[in-house]
Amino acid sequence: MEAVTAPAVAAFHVTKKFPGVIANEDVTFDVRVGEVHALLGENGAGKTTLSNILTGLYRPDDGWMEVAGVPVDFQSPRDAIAAGIGMVHQHFRLIPTFSVAENIALGTGHDPVGGRFDLKKVEERVVEISESFDLPVDPRAKIWQLSVGEQQRVEIIKVLYRDARVLIFDEPTAVLSPLESERLGVTLQTMARSGRSIVFISHKLGEVASIADRVTVLRHGRSFETTSENDVSALASLMIGRDVESVKRSAGAIVDSSSRLGPVVLEINDLHAVGDRGLKALEGVSLDVCAGEILGVAGVAGNGQRELVEILAGLRRAGSGSICVDGESLENGSTRHPIRLGVSYVPQDRMGTGLAPDLTIAENMALKNFRRPPVARPPFIRQSVIDAQGRDLMEQFDVRAPSETTPTRRLSGGNVQKVLLAREMSGDPKVLVIASPSQGLDVGAVATVHQLLIDAAESGVGVLLVSEDLDEVLALSNRIAVMYEGRILDTFDRAEADAQRIGMLMGGQLDVSA
Amino acid sequence: MSVNDNLFVIIMASAIFYGTPLVFASLGELLAERSGVLNLGVEGMMLLGAVAAAWVSTNVGGPAIVVLPLAIVAAMIAAGLGASIHAFLTITLRVNQIISGLALTIFAGAAGLSSYLAGIWQLGQTPVKHQFGKIDVFGLSGVPVVGPILFHQTLLTYFSWVLVVAASFYLFRTRAGLHLRAVGESPQTADSVGISVSRYRYFHVIFGGSFAGIAGACFSLMIVPTWVDGMTAGQGWIALALVIFGFWRPDLTLIGAYLFGALSSLGLTLQARGIHISTALLTALPYVMTIVVLVVVSNTASRRQLGAPAALGKPYEREER
């Protein structure tokens, strides 16, 4: 049979450009029937764009694709679905107010407008699929009632319901605890063994090495190599394009300043708060951060980390509990008071909450000290001082941009983060609260940002680092707290911290023996 | 005095009579909003419908049974054309929906296009030739209490009931309705499963807009019945509030429309009975309630809690990076 030899899906010389960015350039790879094929690359390497092309959401500017040996030209996602390609998106494509069955049935069936839909039949089929692939889920539950892991199962069933032969998973483990990730890996392999093909997009070397049959490496939008290599360090150097040793060393040079800890600068006591939906987000969080230390808060996204940092920055009101900065208690829900007390804040949403994208670098850097001389000369501000300060900080923090008057929206992710850190570190803060500092940055920028955090701690600032990336937390922190469902489950010194135990706690698994 | 002259019966019957245009207008707006497009042009589209219907009824020859349906179709087309401007601006050009909708009301509304057309056509000097009168359904209008309320209304009222039932069935029992709600809740999700976001939005904005045309025709063919400049008197805004008031559900919107209809008619009814409450106060009541509802809903957080379509007011663009 010829169909057996033809790859399930293949891309040839695919190129996709966006204004100012080449997302994919000359990408060629093929996925065999029944294999788990990983697309490995750093953030910004073009993985997501490529998968959006494969699923018909974008059209390539150049190059073509084949499904089972036949050239295809997808005009819309409908064409890709019809060709048997389905995608499990990183940000789930689910409608919170709809039931599981409704979400799964959405867009299926091609009867004319006005046709009735039979929810019972959908529900039966959902149960059937969920049983045969061990993806337990209640078809009648509403999406907003489900955990993130369950929602992902709905996404997977949604694709299987459409009889997809090729399933694309975009960073599926980003939202999962280590335990859930492991389980997902098994599911992927089961699906591949059943004759489907899996495209697994990730930047996590460990899971790529353990799950994938073959790996295609993407770098700066180009496909580099397809290999069946499963040695982590070999994959790492392929992904980064240079030897990993240097990266490892710069990450390893960090730890152990534990002996030089100062007094407590940030004290959080029994903090309670509700989230956006009115559900409890924090249920009695207590933490303290000493001067000169980095306290890492590990946890899967959505366990109250965002609410915690927003309360510290005054962007959200706490329900009860107290926060003291250097002995002085923080006003609830004021953004100016934490700034006055010396709390610096680098949010996860850097362009939205952190910076004003249309203002210049220099202006953004002055956003926190424009009230005081020398920038202020009430009722005016002095543009020349702002620009001079901007130039100084750009040099000091190695911000690469044409000039201090460049709007920040034109900067790369790494430079954006450096502008933010420059502003937040320049006012001699006592506490630095930073959320997901390396998310979306390339490896070089990550190293720089990490070094800046270490410098900050060594200069006596108490750093509260909140990150979903466990490796980052382990690499930087003096102490590590694990957050789960609005609580701090445990706190470790770096020396006693054990990645596996932390991983269990991130999944809410308190009992080690379980 | 018969039981049917009872104050309650009279107020209920006139609530349904005066609430009928509100049912059409808010039902149309509901469809547009379910697709994620807010259309503040209801008032303008109603006036376009009113003027088109008045023209047909005055100038087209033939028996009422031919002319009146024609007038309704003309009203739907006129308002639908107005809505298609809004659709093009907000869906294709992704203009701010609030600004586009306001512009539509200003452009088409009182002292705008509708007045201009009425001027050229010399409408408003006489009553329209054909109008919708109350009919006695199955001869039941004399039945105590329910007779005058339910069985002595105009055809437009009965038509609006059919539409409410049809819209409920469409929204919650058909595949297209599921798709429509998906587009309004999360266009990204709808797009990713192959539902055309812009097709659904165009269709429901224009079709929903044509309902506002029928609402306008209710004024010029049933309530007044002639052309008066700006005759909808802000009822389009009340219709907007009703959609929220009814939690984006056709059945609840109908109840809300009759509640507002009762408030609108209360002044007249009470006056006729010689009960003296300030009419200015009574006439102002529906508008006060409208303002309260609109203030509540302009807050994003409370809008979420009321169950508004999550993507309401947001343009959708696929290649967002």
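Does B:Ile135 satisfy being closer than 21 Å to B:Leu22 by Cβ and surrounded by 15 or more Cβ atoms within 10 Å (Cβ to Cβ)? No.
Note on region B:205-217: residues that are away from every other protein chain (no Cβ under 14 Å) and open to solvent by 40 Å² or more (accessible area, probe 1.4 Å) total 1. It is to be established whether one or more residues within region A:138-151 are basic (Lys, Arg) and buried (at least 16 other Cβ atoms within 10 Å of the Cβ). Checked region A:138-151: no residue is basic (Lys, Arg) and buried (at least 16 other Cβ atoms within 10 Å of the Cβ).
Is at least one residue of region A:158-174 open to solvent by 40 Å² or more (accessible area, probe 1.4 Å), within 14 Å of another protein chain (Cβ to nearest Cβ) and among the hydroxyl-bearing types (Ser, Thr, Tyr)? Looking through region A:158-174, at least one residue is open to solvent by 40 Å² or more (accessible area, probe 1.4 Å), within 14 Å of another protein chain (Cβ to nearest Cβ) and among the hydroxyl-bearing types (Ser, Thr, Tyr).
Condition test on A:Asp326, is it open to solvent by 70 Å² or more (accessible area, probe 1.4 Å), charged (D, E, K, R) and in contact with a strand residue (DSSP E or B) (Cβ under 7 Å, 6 or more places away or on another chain)?
Details: open to solvent by 70 Å² or more (accessible area, probe 1.4 Å): yes; charged (D, E, K, R): yes; in contact with a strand residue (DSSP E or B) (Cβ under 7 Å, 6 or more places away or on another chain): yes.
The answer is yes for A:Asp326.
Check B:Phe169 against each of (1) free of Cβ contacts under 8 Å to residues at least 12 places away in the same chain; (2) part of a helix (DSSP H, G or I); (3) under 24 Å from B:Leu89 (Cα atoms); (4) not acidic (Asp, Glu) and name the one condition it does not meet. Answer for B:Phe169: the failing condition is (3).
Right, A:Val300: open to solvent by less than 10 Å² (accessible area, probe 1.4 Å) and either farther than 23 Å from A:Gly460 by Cα or not in a loop (DSSP other than H, G, I, E, B) (or both) or not? Give the derivation first.
Numbers: open to solvent by less than 10 Å² (accessible area, probe 1.4 Å): no; either farther than 23 Å from A:Gly460 by Cα or not in a loop (DSSP other than H, G, I, E, B) (or both): yes.
So A:Val300 does not fit the description; no.
Taking the criterion of being within 14 Å of chain B (Cβ to nearest Cβ), open to solvent by 80 Å² or more (accessible area, probe 1.4 Å) and at pLDDT below 90, would at least one residue in region A:10-17 satisfy it? Taking every residue of region A:10-17 in turn, at least one turns out to be within 14 Å of chain B (Cβ to nearest Cβ), open to solvent by 80 Å² or more (accessible area, probe 1.4 Å) and at pLDDT below 90. Evaluated against (1) touching a helix residue (DSSP H, G or I) at 6+ places or on another chain (Cβ under 7 Å); (2) in a loop (DSSP other than H, G, I, E, B); (3) of a type outside the set (A, V, I, L, M, F, W, C), A:Gln75 falls short on exactly one condition, (1).
Considering only residues that are open to solvent by less than 40 Å² (accessible area, probe 1.4 Å) and more than 21 Å from B:Gln97 (Cβ to Cβ), look in region B:172-204 and name the one that is farthest from the other protein chains (Cβ to nearest Cβ). Residue satisfying both the conditions and the ranking: B:Gly177. Is it true that A:Glu123 is more than 10 Å from chain B (Cβ to nearest Cβ), assigned to a helix (DSSP H, G or I) and open to solvent by 40 Å² or more (accessible area, probe 1.4 Å)? Judged against the criteria, A:Glu123 is not a match. Among all residues of region B:145-165, there is at least one that is more than 18 Å from B:Leu254 (Cβ to Cβ), in contact with a Lys or Arg (Cβ under 6 Å, 6 or more places away or on another chain) and either open to solvent by less than 40 Å² (accessible area, probe 1.4 Å) or away from chain A (no Cβ under 14 Å) (or both).
Tell me, which helices (runs of 4 or more DSSP H) lie completely within region B:220-317 with 3 or more residues that are open to solvent by 70 Å² or more (accessible area, probe 1.4 Å)? It would help to see each step written out before you state the result.
Values: elements: B:235-245, B:250-272, B:279-297, B:300-306.
Those helices (runs of 4 or more DSSP H) span B:250-272, B:279-297, B:300-306.
The residues on offer are A:Asp118, A:Asp134, A:Asp62, and the sole one that is at pLDDT below 90, out of contact with any Cys (no Cβ under 6 Å at 6 or more places or on another chain), away from chain B (no Cβ under 14 Å) and over 18 Å from B:Ile195 (Cβ atoms) is A:Asp134. Yes or no: B:Ala50 over 30 Å from B:Ser186 (Cα atoms), crowded, with 24+ Cβ neighbours inside 10 Å and under 16 Å from the mean Cα position of the chain (by Cα)? Criteria met by B:Ala50. Per the conditions (1) more than 14 Å from the chain's Cα centre (by Cα); (2) modelled with pLDDT of 90 or more; (3) within 14 Å of chain A (Cβ to nearest Cβ), the sole criterion not satisfied by B:Met222 is (3). If you check A:Glu42, A:Glu128 for being in a helix (DSSP H, G or I), more than 9 Å from chain B (Cβ to nearest Cβ) and surrounded by fewer than 22 Cβ atoms within 10 Å (Cβ to Cβ), only one passes: A:Glu128. Residues that are charged (D, E, K, R), more than 8 Å from chain B (Cβ to nearest Cβ) and open to solvent by less than 40 Å² (accessible area, probe 1.4 Å) within region A:67-109 are absent altogether.
Restricting region A:195-231 to residues that are in a loop (DSSP other than H, G, I, E, B) and touching a residue at least 40 places away in the same chain (Cβ under 8 Å), which is surrounded by the most Cβ atoms within 10 Å (Cβ to Cβ)?
This residue is A:Ala212.
Filtered by the rule that a residue be open to solvent by 40 Å² or more (accessible area, probe 1.4 Å), at pLDDT 95 or above and closer than 17 Å to B:Trp121 by Cβ, region B:56-79 gives B:Leu70, B:Ile77.
The values are calculated or read from the model by the stated rules, or taken from the named source; none is laboratory data. Remember, it's a predicted structure, so these values are computed and weren't measured experimentally. Note: ideal-geometry Cβ built from the backbone for every residue, glycine included; neighbour counts use all protein chains shown. Side chains included, ligands, DNA and RNA excluded: accessible areas come from the protein's heavy atoms. Shrake-Rupley method; radii C 1.70, N 1.55, O 1.52, S 1.80 Å.
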